[in-house]
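This report refers to the structure that appears directly beneath it.
The values are calculated or read from the model by the stated rules, or taken from the named source; none is laboratory data. If you're wondering where the values come from, they're calculated on a predicted model, not measured in any experiment. Virtual Cβ from ideal backbone geometry, glycine too; neighbours counted across all protein chains shown. The accessibility values were calculated without ligands, DNA or RNA, using every heavy atom of the protein model including side chains. Shrake-Rupley method; radii C 1.70, N 1.55, O 1.52, S 1.80 Å.
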Amino acid sequence: MNTETRTKRGGVGEKSTLVAHGLRKSYGEFEAVKGLDFEVFPGECFGFLGPNGAGKTTTMRMIYGAAIPTSGTLSVVGLDVRGNERAIKRRIGVVPQENNLDDDLKVRENLLVYGRYFDMPKKAALRRADELLDFVQLTEKSNADVSELSGGMKRRLLIARALINDPDLVVLDEPTTGLDPQARHLVWDKMRDLVREGKTLILTTHYMEEAARLCNRLVIMEDGHIIAGGVPEEMVEEHVSPQVLEFRAAPEALEKLRPVLQEAADDVETGATGEALLAFTHDSDAVLDRVRRSGFTVENTVYRQSSLEDVFLRLTGRSLTD
Amino acid sequence: MGSIRIPSPRGAFRVWQRNATIFRKYWKSAMFPNFFEPLLYLAAMGLGLGAFIQQGGINGQTYVQYIAPGLLASNAMFAASFESTFNTFVKLRIDRIYDAITTTPVNPEDVVAGEYLWAGTRAALYGTGFLAMLTVLGFAFTPENPLISSWWALLIPPMLLVIGVMFSVMGTLFTSLIKRIDLYAYYFTLVVTPLFLFSGIFFPVEEFPAPVPQIAWFTPLYHAVNACRGLANGPDLAVAGDVLWILVFTGALSLVPVQIMRRRLVS
């Protein structure tokens, strides 16, 4: 597992923003996080990719002090999470999974009141709030009620709120879950801007595309474990062949097709719903040719480049989104 | 898990300030019913029921004079109880405001302390308006028997703040223990209402046979009523004992909801 790859910005010797060793969290009998090791360097966008229930949110909660590790070590912005919760929270920003904006306050007031929790002087908070509203394109909504905002606007306001204290690390838990595609792209733009500015971001997601687009490095989590990690493109290269052919047919037909594919392709996986076979290969033409010669009618076939989704499928035999 | 958490005054102030910011927006509509309710009691019990109570009243006071200061205390109890029950529940479990606040340098223990102070503030604000009204009404309609007759009454607003904090601690304790908002029916029916009826607002509890006065001594509103009555009617050394009781009770109980609420916010 290669989680130690350094990005351009996170050079050797630079202090890590986040370091976890053997990090565990149990709730009674239930172990949500089962021993994580990871390291995040300044300026990175680091992703935690995995299905619901993989332990991503619990990991985030430990980072911002809403959960206390059962064992292992976790340091955030250079400080151990045990005994430094206020100091850590002063230097990070959190975008929660669920909207928890203050409905009794107007859009801009949400930022100003939040700034007070960080003891920001009023003038500085006013200036910062206006900059941030501009950044997330909500200046026009400054004096609107939060309840008037769309889901995408609320998420952008949550991002602005997380930036009020100019944090060293921004934690985003499922930042685009529940957003329509357009709103999602706008959120992605904002996150890319932040990375460009040199902010360190960590995000959780169960969208492969989101992780692939935004993250310099990521880990894939399943059932409380990290099962793989690294640079997205390298992980795809490492774990799956570059091309994928998806064959869709009735289950009996697929069973007949399977031995043919097993011979022709590098790897064969059953698709998430069980109604497709995925053939991973370096030479899709050769595979298709073999399939045709076997007499199987190729009418419902999809050709595509392999992705992180396939890495997850290869490693777990399951789909990310189910 | 972990040691006892002591709130930071700065964090508590930030939470208080958040509530004050919001209150400033709608204080007029929020305060109006709270003025009105004690006046209704005063009219119904003081003038209505009071008319049937023999001349001479209670302890040398007319009936309306007797109950007015007690209503100040119960008004503070109701204000702080609503704040620390329904309002706090919504912020904790529905709007998740505390989740947002506790990702900042403000910790859960600061949130609870800030809410105590805010409930006390709200009780004092409501009570001060009501106190002013009682004073004016008393001098306007029955100048020979004013409802508020002593300069010591100026100490009632800070007293109401302390009483508000005490009932906020109790309400927050209940809030920290329940998962469903409808369970407040138990708190109001079994705690708040009996206190309201049997704490010496409407009749002197002391004149009942044992163990009624002894039981009353162990309940919080009884002392709040005594303190307000003592301050409304002039210097009364016994007030010191009631204040001491309130401070000891509030102090002893205050850290319990802090620890339980922390567990609701940090797992």
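Here are some notes:
- Every listed requirement among (1) open to solvent by 40 Å² or more (accessible area, probe 1.4 Å); (2) within 14 Å of chain A (Cβ to nearest Cβ); (3) not hydrophobic (A, V, I, L, M, F, W, C) is met by residue B:41 save one, (2).
- Being of a type outside the set (Asp, Glu), in contact (Cβ under 8 Å) with a residue 40 or more places away in the chain and either over 24 Å from residue B:121 (Cα atoms) or outside any helix (DSSP H, G or I) (or both) holds for only one residue in B:77, B:31, B:45, and it is B:45.
- Selection status of residue A:59, surrounded by 23 or more Cβ atoms within 10 Å (Cβ to Cβ) and of a type in the set (S, T, N, Q): yes
- Residue check, residue B:51 open to solvent by 60 Å² or more (accessible area, probe 1.4 Å) and free of Cβ contacts under 8 Å to residues at least 12 places away in the same chain: yes
- Any hit, region B:24-36, residues being more than 21 Å from residue B:201 (Cβ to Cβ) and buried (at least 16 other Cβ atoms within 10 Å of the Cβ): yes
- Options A:311, A:302: the member that is closer than 30 Å to residue A:189 by Cβ, outside any loop (DSSP other than H, G, I, E, B) and open to solvent by 30 Å² or more (accessible area, probe 1.4 Å): A:302
Here's the yes/no breakdown for (1) open to solvent by 60 Å² or more (accessible area, probe 1.4 Å); (2) at pLDDT below 95; (3) farther than 18 Å from residue B:80 by Cα:
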| site | (1), (2), (3) |
| --- | --- |
| B:177 | yes, no, no |
| B:184 | no, no, no |
| B:190 | yes, no, no |
| B:195 | no, no, no |
| B:198 | yes, yes, yes |
| B:204 | no, yes, yes |
| B:210 | yes, yes, yes |
| B:213 | no, yes, yes |
| B:216 | no, yes, yes |
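- Any hit, region B:14-23, residues being assigned to a helix (DSSP H, G or I), within 30 Å of residue B:149 (Cα to Cα) and either within 14 Å of chain A (Cβ to nearest Cβ) or open to solvent by 20 Å² or more (accessible area, probe 1.4 Å) (or both): no
- Any chance residue B:66 is within 14 Å of chain A (Cβ to nearest Cβ), of a type in the set (Ser, Thr, Tyr) and not in a loop (DSSP other than H, G, I, E, B): no
- Checking each residue in region A:57-84 for being among the charged types (D, E, K, R) and under 22 Å from the mean Cα position of the chain (by Cα) picks out only A:61.
- Counted residues, region A:192-238 - those being part of a helix (DSSP H, G or I), surrounded by fewer than 18 Cβ atoms within 10 Å (Cβ to Cβ) and of a type in the set (Asp, Glu): 6
- Any hit, region B:57-78, residues being out of contact with any Ser or Thr (no Cβ under 8 Å at 6 or more places or on another chain) and under 23 Å from residue A:118 (Cβ atoms): no
- Look at (1) facing another protein chain (nearest Cβ under 10 Å); (2) open to solvent by less than 40 Å² (accessible area, probe 1.4 Å); (3) touching a helix residue (DSSP H, G or I) at 6+ places or on another chain (Cβ under 9 Å) and you find that residue A:50 fails only one, number (1).
- Candidates B:125, B:134 - the one that is open to solvent by less than 20 Å² (accessible area, probe 1.4 Å) and part of a helix (DSSP H, G or I): B:134
- Residue that is farthest from residue A:57 (Cα to Cα) [pool: residues in region A:78-132 that are of a type in the set (Val, Ile, Thr) and more than 10 Å from chain B (Cβ to nearest Cβ)]: A:107
- Members of region A:239-253 that are at pLDDT 85 or above and surrounded by 17 or more Cβ atoms within 10 Å (Cβ to Cβ): A:239, A:240, A:241, A:243, A:244, A:245, A:247
So that you can scan it fast, the table gives a plain yes or no per residue for (1) within 25 Å of residue A:54 (Cα to Cα); (2) modelled with pLDDT under 90; (3) open to solvent by 60 Å² or more (accessible area, probe 1.4 Å):
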{"residue": "A:257", "(1), (2), (3)": "no, yes, no"}
{"residue": "A:282", "(1), (2), (3)": "no, no, yes"}
{"residue": "A:297", "(1), (2), (3)": "no, yes, yes"}
{"residue": "A:317", "(1), (2), (3)": "yes, yes, no"}
{"residue": "A:322", "(1), (2), (3)": "yes, yes, yes"}
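- Test: residue in region B:148-164 that is at pLDDT below 95, buried (at least 21 other Cβ atoms within 10 Å of the Cβ) and assigned to a helix (DSSP H, G or I): yes
- Filtered by the rule that a residue be away from chain A (no Cβ under 14 Å) and without any contact (Cβ under 8 Å) to a residue 40 or more places away in the chain, region B:83-133 gives B:128, B:132.
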